[in-house]
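*Asks:* This structure is in structure tokens; I'll ask about it shortly.
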Amino acid sequence: MPTLPSIYVFNDADAMAPALAEYILQAQAAALQRHDAFKIGVSGGSLVANLRKALLPVEGVEWGKWQIFFADERLVPLDDPESNYGLLKKDLLEYLPEGTPQPTVFHVDTALLDDALEAADAYEKVLIKSFAAKDSVRLPSFDLLLLGCGPDGHTCSLFPGHELLRENVAWVAAIEDSPKPPPRRITLTLPVVTHSLRIAFVATGGSKAEVLKTIFEEPDAGLPCSLVNEGARGKVTWFVDAPAVQGVAIQKKEWKSPSL
Ligand SMILES: O=C1O[C@H](COP(=O)(O)O)[C@@H](O)[C@H](O)[C@H]1O
């Protein structure tokens, strides 16, 4: 089993989209063989536009079987421009053609936006219900996590050097001092992220090149994305465009379409 992440580089986001779609459809097929649902966790940010580009043109997405959870969420109203749920709805789900079976989307409890701890506990209970009781399951196994990578190397709302990186009991944790606004958020914890069956990072644009250099060339710097690469050995795939890895020493892989 390979231990390094697989890194696929494309000229631009348009060229990346079909490969990302194929990868997601492979994960969907594997999940639907295991159970009658596709349980995924998604980030917000630039990922969502890339998902729309990838998924809208293709057939075979069984939207009605998707159970979508948030890898992290900002504690703001769902219609706030900062909401990851709001972004997913506006930039992806509202584009689904009329009559498409809708995915089940698990958003944060909006009654708890002022209390990050309560909001994290409540979202953990949602996971416990969806993935079986915490007593019998040490960690939930997402079929797929689709993650972004911030320009500082954060992923989910796990920020470089933050104490939350050491959280190893909770499935979902509260953060009140996010260095990127808004400060109050909830996030999946690192053990939950690395326990997922597959993890894909999507990073595009030259603004990511500097941090990708650190992530891949200096993994010991311990940036959150490097910790995921390390902790989820062999299960991590990166989809990037050429500007995002300009000047970064990586071992690229060539995407082979399963349809060829
Ligand atoms: O704050 C956040 O930022 C990251 C990265 O966003 P990007 O726009 O630089 O890709 C995102 O993955 C995370 O979900 C979000 O809450």
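The values are calculated or read from the model by the stated rules, or taken from the named source; none is laboratory data. The shown structure was predicted, so the numbers you read here are calculated from the model rather than taken from an experiment. Cβ placement follows ideal geometry from the backbone for every residue including glycine, while neighbour counts extend to all protein chains displayed.
*Asks:* Mind checking which residues of the range 222-236 are within 21 Å of Glu163 (Cβ to Cβ), touching a residue at least 24 places away in the same chain (Cβ under 8 Å) and surrounded by fewer than 19 Cβ atoms within 10 Å (Cβ to Cβ)?
*Replies:* Matches in the range 222-236: Gly222, Gly231.
*Asks:* Among the residues in the range 91-108, are any within 14 Å of the ligand (Cβ to nearest atom) and free of Cβ contacts under 8 Å to residues at least 40 places away in the same chain? Write out each step before concluding.
*Replies:* If we filter the range 91-108 for residues that are within 14 Å of the ligand (Cβ to nearest atom), which is where we start, we get 91-92, 107-108.
Restricting the remaining residues to those that are free of Cβ contacts under 8 Å to residues at least 40 places away in the same chain gives 107.
Yes - at least one qualifying residue is present in the range 91-108.
*Asks:* Applying the selection to the range 184-206, what residues are touching a strand residue (DSSP E or B) at 6+ places or on another chain (Cβ under 8 Å) and more than 30 Å from Asn11 (Cβ to Cβ)?
*Replies:* The initial filter retains those residues of the range 184-206 that are touching a strand residue (DSSP E or B) at 6+ places or on another chain (Cβ under 8 Å), namely 184-190, 192-193, 196-205.
Answer for the range 184-206, where residues must be touching a strand residue (DSSP E or B) at 6+ places or on another chain (Cβ under 8 Å) and more than 30 Å from Asn11 (Cβ to Cβ): Arg184, Arg185, Ile186, Thr187, Leu188, Thr189, Leu190, Val192.
*Asks:* Go through the range 203-225 residue by residue and tally those that are within 13 Å of the ligand (Cβ to nearest atom), polar (S, T, N, Q) and in a helix (DSSP H, G or I).
*Replies:* Residues in the range 203-225 being within 13 Å of the ligand (Cβ to nearest atom), polar (S, T, N, Q) and in a helix (DSSP H, G or I): 1 in total.
*Asks:* Give the residue that is farthest from Pro140 (Cα to Cα), with candidates limited to residues of the range 64-78 that are more than 15 Å from the ligand (Cβ to nearest atom) and touching a Phe, Trp or Tyr at 6+ places or on another chain (Cβ under 9 Å). It would help to see each step written out before you state the result.
*Replies:* As a first pass, look at the range 64-78 and keep what is more than 15 Å from the ligand (Cβ to nearest atom): 64-67, 77.
Keeping just the survivors that are touching a Phe, Trp or Tyr at 6+ places or on another chain (Cβ under 9 Å) gives 65-67.
Working: Lys65: 18, Trp66: 16, Gln67: 14 Å.
Among those that are more than 15 Å from the ligand (Cβ to nearest atom) and touching a Phe, Trp or Tyr at 6+ places or on another chain (Cβ under 9 Å), it is Lys65.
*Asks:* With respect to Gly148, is the statement that it is touching a Gly at 6+ places or on another chain (Cβ under 7 Å) and closer than 27 Å to Arg34 by Cα true? Explain how you work it out, then say what you get.
*Replies:* Working: touching a Gly at 6+ places or on another chain (Cβ under 7 Å): yes; closer than 27 Å to Arg34 by Cα: yes.
Judged against the criteria, Gly148 is a match.
*Asks:* Here's something else I'd like to know. Quick one: in the range 137-165, of everything that is hydroxyl-bearing (Ser, Thr, Tyr) and part of a loop (DSSP other than H, G, I, E, B), which residue is modelled with the highest pLDDT? First the steps, then the outcome.
*Replies:* Of the residues in the range 137-165, the ones hydroxyl-bearing (Ser, Thr, Tyr) are 141, 155, 157.
Applying the additional criterion that residues be part of a loop (DSSP other than H, G, I, E, B) yields 141, 157.
Numbers: Ser141: 95, Ser157: 98.
Across the range 137-165, the extreme among qualifying residues is Ser157.
*Asks:* Would you point out which residue out of Val192, Val228 is hydrophobic (A, V, I, L, M, F, W, C) and within 13 Å of the ligand (Cβ to nearest atom)? Spell out the reasoning first.
*Replies:* On the way: Val192 fails: within 13 Å of the ligand (Cβ to nearest atom).
Among Val192, Val228, only Val228 is hydrophobic (A, V, I, L, M, F, W, C) and within 13 Å of the ligand (Cβ to nearest atom).
*Asks:* Tell me which residues, restricted to the range 221-252, are at pLDDT 95 or above and charged (D, E, K, R).
*Replies:* The answer is Glu230, Lys235, Asp241.
*Asks:* Of all residues being outside any loop (DSSP other than H, G, I, E, B) and charged (D, E, K, R) in the range 237-260, which is surrounded by the most Cβ atoms within 10 Å (Cβ to Cβ)? Just the residue, please. Break it down stepwise before answering.
*Replies:* Residues of the range 237-260 that are outside any loop (DSSP other than H, G, I, E, B), as a first pass: 237-245, 252-253.
Still in the running and charged (D, E, K, R): 241, 252-253.
Working: Asp241: 22, Lys252: 13, Lys253: 15.
If we take residues in the range 237-260 being outside any loop (DSSP other than H, G, I, E, B) and charged (D, E, K, R), then Asp241 is surrounded by the most Cβ atoms within 10 Å (Cβ to Cβ).
*Asks:* Sort through Ala174, Ala200 and tell me the only one that's assigned to a strand (DSSP E or B), within 28 Å of Val126 (Cβ to Cβ) and more than 17 Å from the chain's Cα centre (by Cα).
*Replies:* Going through Ala174, Ala200 in turn, just one is assigned to a strand (DSSP E or B), within 28 Å of Val126 (Cβ to Cβ) and more than 17 Å from the chain's Cα centre (by Cα): Ala174.
*Asks:* Could you look through the range 25-49, keep only residues that are away from the ligand (no atom under 16 Å from the Cβ) and either part of a strand (DSSP E or B) or within 27 Å of Lys213 (Cβ to Cβ) (or both), and pick out the one that is nearest to the chain's Cα centre (by Cα)?
*Replies:* Let us first name the residues in the range 25-49 that are away from the ligand (no atom under 16 Å from the Cβ), namely 25-39.
Narrowing further to those that are either part of a strand (DSSP E or B) or within 27 Å of Lys213 (Cβ to Cβ) (or both): 38-39.
Values: Phe38: 14, Lys39: 12 Å.
Looking at the filtered set, the residue picked out is Lys39.
*Asks:* Are any residues in the range 82-131 within 17 Å of Arg52 (Cβ to Cβ) and not in a helix (DSSP H, G or I), and if so, which ones?
*Replies:* Going through the range 82-131, the residues within 17 Å of Arg52 (Cβ to Cβ) turn out to be 83-98, 100, 102-103, 105.
If the condition is that a residue be within 17 Å of Arg52 (Cβ to Cβ) and not in a helix (DSSP H, G or I), then Ser83, Leu92, Leu96, Pro97, Glu98, Thr100, Gln102, Pro103, Val105 are the ones that fit.
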